[in-house]
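**Q** Sharing a structure, written as structure tokens. Questions coming.
Where a number appears in this text, it was derived from the coordinates with a stated rule and is not lab data. All values derive from a computational prediction rather than experimental measurement. When we count neighbours, we look across all protein chains shown, and the Cβ atoms used for this are built from the backbone with ideal geometry, even at glycine.
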Amino acid sequence: MTENTNVTPNARLIEIFSGIQGEGLNVGTRQIFIRFALCDLRCHFCDSSSTWIAPNECKIERSPGLRDFEIHSNPVSLSMILEWVKRQNIPCLHDSISLTGGEPLLHASFLKEFLPQVRAATGLPIYLETGGHRPEQLMMVLPYIDSIGMDFKLNSVSGEKRFSEHARFLQLCNESQVETFVKIIISDRTDSMELERVAELLANVNPQIPVFLQPVTPLGESAQIVDAPIVLAPSPDQVLIWQGMMKRLVKQVRVVPQTHKMLNQL
Ligand code: SF4
């Protein structure tokens, strides 16, 4: 089958802005965030449920960090997104570009075209934040990714059951030798046995992969997802026990909450 080369690549966005990364291995670094619309998961603790459905419009920051947003219509062409990212990329400010969402890998066809161009235009490393459940789409973009923050969704916390997809995804990350860390949201409902099963899988793939246990940030009343159970933070004792349990199997297990929320950042 011949590929249709007349189709102009475009994507549905939520926003582009310059901000401080609040999670995982890149915590505290300055990034250009490209937040993509759409997610096919429905985590009970989701603080980005507004991304689940693509809006008609997206918000594009004009000057890095000034929150002087312009409004544009979705979908947006690759060339426009490239221009907006280049406009954000003032000298010495950013450490990397964050692909976030939503689920960025739902836009894998677009990313395959976009990433080589944005890398060439900015010289910035590309960091992918993902739900870690779409290995086929990961394979399409892996050559253009410098680091990956992969969520491992615990069924007892998120309501999602994605163990086999996560296992395949992690294998691919490890085989490609792209820098990868795993983030696991923990709550008062975390099932210790499930967490241990995840630690065993991680140990089998590569016990050196850093793991971040992230105590859930409870959703405010207005952000609470309809029909989802209320998700509360784990107790201090639970966190200590789970970190200790996982450290018997994997080398690096850090406990870090969402720091951008503490700093009142986007
Ligand atoms: S994967 Fe992320 S955006 Fe999607 S539902 Fe879960 S927390 Fe929300």
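**Q** Output the residue which, of all residues in the range 52-79 that are in a loop (DSSP other than H, G, I, E, B), farther than 24 Å from ASN264 by Cα and without any contact (Cβ under 8 Å) to a residue 40 or more places away in the chain, is nearest to the ligand (Cβ to nearest atom).
**A** Restricting to residues being in a loop (DSSP other than H, G, I, E, B), farther than 24 Å from ASN264 by Cα and without any contact (Cβ under 8 Å) to a residue 40 or more places away in the chain, the top hit is ILE53.
**Q** In this structure, is VAL198 in contact with a Leu (Cβ under 6 Å, 6 or more places away or on another chain) and either closer than 14 Å to CYS43 by Cβ or not aromatic (Phe, Trp, Tyr) (or both)?
**A** On the way: in contact with a Leu (Cβ under 6 Å, 6 or more places away or on another chain): no; either closer than 14 Å to CYS43 by Cβ or not aromatic (Phe, Trp, Tyr) (or both): yes.
For VAL198, the condition - in contact with a Leu (Cβ under 6 Å, 6 or more places away or on another chain) and either closer than 14 Å to CYS43 by Cβ or not aromatic (Phe, Trp, Tyr) (or both) - is not met.
**Q** Sticking with this one: Among the residues of the range 25-32, is any over 21 Å from ILE184 (Cα atoms) and within 11 Å of the ligand (Cβ to nearest atom)?
**A** Within the range 25-32, not a single residue is over 21 Å from ILE184 (Cα atoms) and within 11 Å of the ligand (Cβ to nearest atom).
**Q** Could I ask something else about it? Can you tell me which residues in the range 102-135 are within 16 Å of the ligand (Cβ to nearest atom), at negative phi and not in a helix (DSSP H, G or I)?
**A** Going residue by residue through the range 102-135, those that are within 16 Å of the ligand (Cβ to nearest atom) are 102-108, 127-135.
From the residues that got through so far, the ones that are at negative phi too are 103-108, 127-131, 133-135.
Residues satisfying the conditions are GLU103, TYR127, LEU128, GLU129, THR130, GLY131, HIS133, ARG134.
**Q** Okay, next question. Have a look at PHE169, PHE181, PHE212 and point out the one that is in contact with a Gly (Cβ under 6 Å, 6 or more places away or on another chain) and not in a strand (DSSP E or B).
**A** Details: PHE181 fails: not in a strand (DSSP E or B); PHE212 fails: not in a strand (DSSP E or B).
Going through PHE169, PHE181, PHE212 in turn, the sole match is PHE169.
**Q** Give me the residue from the range 145-160 that is small (Gly, Ala, Ser) and more than 12 Å from the chain's Cα centre (by Cα) and, out of that set, farthest from the ligand (Cβ to nearest atom). Step through it out loud before you land on a result.
**A** Our first condition is that a residue be small (Gly, Ala, Ser); within the range 145-160, this holds for 147, 149, 156, 158-159.
If we keep only those that are more than 12 Å from the chain's Cα centre (by Cα) too, we end up with 156, 158-159.
Numbers: SER156: 15, SER158: 7, GLY159: 9 Å.
Ranking the candidates gives SER156 first.
**Q** Is at least one residue of the range 236-256 within 24 Å of ARG42 (Cβ to Cβ) and in a loop (DSSP other than H, G, I, E, B)?
**A** no
**Q** Turning to a different aspect of this structure: Taking the range 33-46 on its own, how many of its residues are more than 8 Å from the ligand (Cβ to nearest atom) and assigned to a loop (DSSP other than H, G, I, E, B)? Break it down stepwise before answering.
**A** Taking the range 33-46 and keeping what is more than 8 Å from the ligand (Cβ to nearest atom), we get 33-38, 44.
Next, only the ones that are assigned to a loop (DSSP other than H, G, I, E, B) stay: 37-38, 44.
Looking only at that region, the number is 3.
**Q** Determine whether SER49 is under 17 Å from LEU266 (Cα atoms), polar (S, T, N, Q) and either in contact with an Asp or Glu (Cβ under 7 Å, 6 or more places away or on another chain) or within 14 Å of the ligand (Cβ to nearest atom) (or both). Outline the logic, then answer.
**A** Values: under 17 Å from LEU266 (Cα atoms): yes; polar (S, T, N, Q): yes; either in contact with an Asp or Glu (Cβ under 7 Å, 6 or more places away or on another chain) or within 14 Å of the ligand (Cβ to nearest atom) (or both): yes.
Spelling it out, SER49 is indeed under 17 Å from LEU266 (Cα atoms), polar (S, T, N, Q) and either in contact with an Asp or Glu (Cβ under 7 Å, 6 or more places away or on another chain) or within 14 Å of the ligand (Cβ to nearest atom) (or both).
**Q** Still on this structure, I have one more. Just give me the residues in the range 136-150 being acidic (Asp, Glu) and part of a helix (DSSP H, G or I), in sequence order.
**A** If we filter the range 136-150 for residues that are acidic (Asp, Glu), which is where we start, we get 136, 146.
Answer for the range 136-150, where residues must be acidic (Asp, Glu) and part of a helix (DSSP H, G or I): just GLU136.
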